Amino acid sequence: MAHVGMKLPKVTFQTRVRDESIEGPNPFRWEEKTTDDFFKGKRVVLFSLPGAFTPTCSTYQLPNYEKMFGEFQEEGIDAIYCLSVNDAFVMNKWGKDQGVENIGLIPDGSGEFTRKMGMLVKKDNLGFGYRSWRYAAIIDDGEIVGWFPEEGFEDDCATDPYDVSSPEHVITWLRDNKPFEKEQVA
């Protein structure tokens, strides 16, 4: 399982990006993005969840990170990313339906990143197959400096814990720990 001090795994994500040169109702093209594209040289909050369009993820986790984006910026965070073991089409549609403007959505369609983080679990009891366990992380230039996995990590978990990966918990940790304060130069 991932931990504080760990460097993020090197993965290439298959994303869909808007391209105005493409005509028709679906003006998007494939674009490969790497772990470095998202995290290198940035102070980032990453949160991962079991699935787009699911109740806790759509009602609380994604919308509250979106609402609190400005507060995270005040604490030195450059970007917030939401990752799920869903494909780019699903993640893009979910983001559009949720009205997301500030949170980047990362499709981990094959679950490669999630598996390398040690967070891939079976959710066959819900008909989901393999998905991500719910967690949040504070990442500084590709290294985990704050780690918030939900309790009860296991395959086919009968519950859906949601506490320490919430934006409210993560922002409190940032304020209490001030890991990103720059040294004052006289």
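Miscellaneous remarks
- Flag if Phe28 is open to solvent by 30 Å² or more (accessible area, probe 1.4 Å), touching a strand residue (DSSP E or B) at 6+ places or on another chain (Cβ under 7 Å) and farther than 25 Å from Glu154 by Cβ: yes
- Any hit, the range 156-169, residues being surrounded by 14 or more Cβ atoms within 10 Å (Cβ to Cβ), at positive phi, assigned to a loop (DSSP other than H, G, I, E, B) and out of contact with any strand residue (DSSP E or B) (no Cβ under 7 Å at 6 or more places or on another chain): no
- Residue match in the range 95-106 (condition: touching a helix residue (DSSP H, G or I) at 6+ places or on another chain (Cβ under 6 Å), farther than 21 Å from Phe28 by Cβ and open to solvent by less than 30 Å² (accessible area, probe 1.4 Å)): no
- Cys57 being modelled with pLDDT under 95, surrounded by 13 or more Cβ atoms within 10 Å (Cβ to Cβ) and either farther than 26 Å from Phe128 by Cβ or not aromatic (Phe, Trp, Tyr) (or both): yes
- Boolean, Ile106 is among the hydrophobic types (A, V, I, L, M, F, W, C) and part of a strand (DSSP E or B): yes
- If only residues of the range 136-155 that are over 15 Å from the mean Cα position of the chain (by Cα) and free of Cβ contacts under 8 Å to residues at least 40 places away in the same chain are counted, the one that is least open to solvent (accessible area, probe 1.4 Å) is Gly152.
- When the range 66-91 is filtered for residues that are assigned to a loop (DSSP other than H, G, I, E, B) and either open to solvent by less than 20 Å² (accessible area, probe 1.4 Å) or under 27 Å from Phe28 (Cα atoms) (or both), the ones remaining, listed by number, are Ile77, Asp78, Val85, Asn86, Asp87.
- First in the range 23-52 and assigned to a loop (DSSP other than H, G, I, E, B) and modelled with pLDDT under 95, second anywhere and open to solvent by 10 Å² or more (accessible area, probe 1.4 Å) and of a type in the set (Ser, Thr, Tyr), Cβ under 9 Å, 6 or more apart: Pro27/Ser21; Pro50/Thr56; Ala52/Ser58
- Residue check for Pro63: of a type outside the set (D, E, K, R), open to solvent by less than 30 Å² (accessible area, probe 1.4 Å) and at pLDDT below 95: no
- In the range 8-19 there is at least one residue matching the filter, namely being without any contact (Cβ under 8 Å) to a residue 40 or more places away in the chain and touching a Pro at 6+ places or on another chain (Cβ under 7 Å).
- Residue within the range 112-135 that is in contact with a strand residue (DSSP E or B) (Cβ under 6 Å, 6 or more places away or on another chain), in a strand (DSSP E or B), in contact (Cβ under 8 Å) with a residue 60 or more places away in the chain and closer than 19 Å to Leu62 by Cβ present: yes
The values are calculated or read from the model by the stated rules, or taken from the named source; none is laboratory data. Quantities reported herein were computed from a predicted structural model and do not represent experimental measurements. Note that we place each Cβ from the backbone using ideal geometry, even for glycine, and neighbour counts take in every protein chain shown. Ligands, DNA and RNA are stripped out before the accessible areas are found, and what is left, the full protein with its side chains, is counted by its heavy atoms. Shrake-Rupley method; radii C 1.70, N 1.55, O 1.52, S 1.80 Å.
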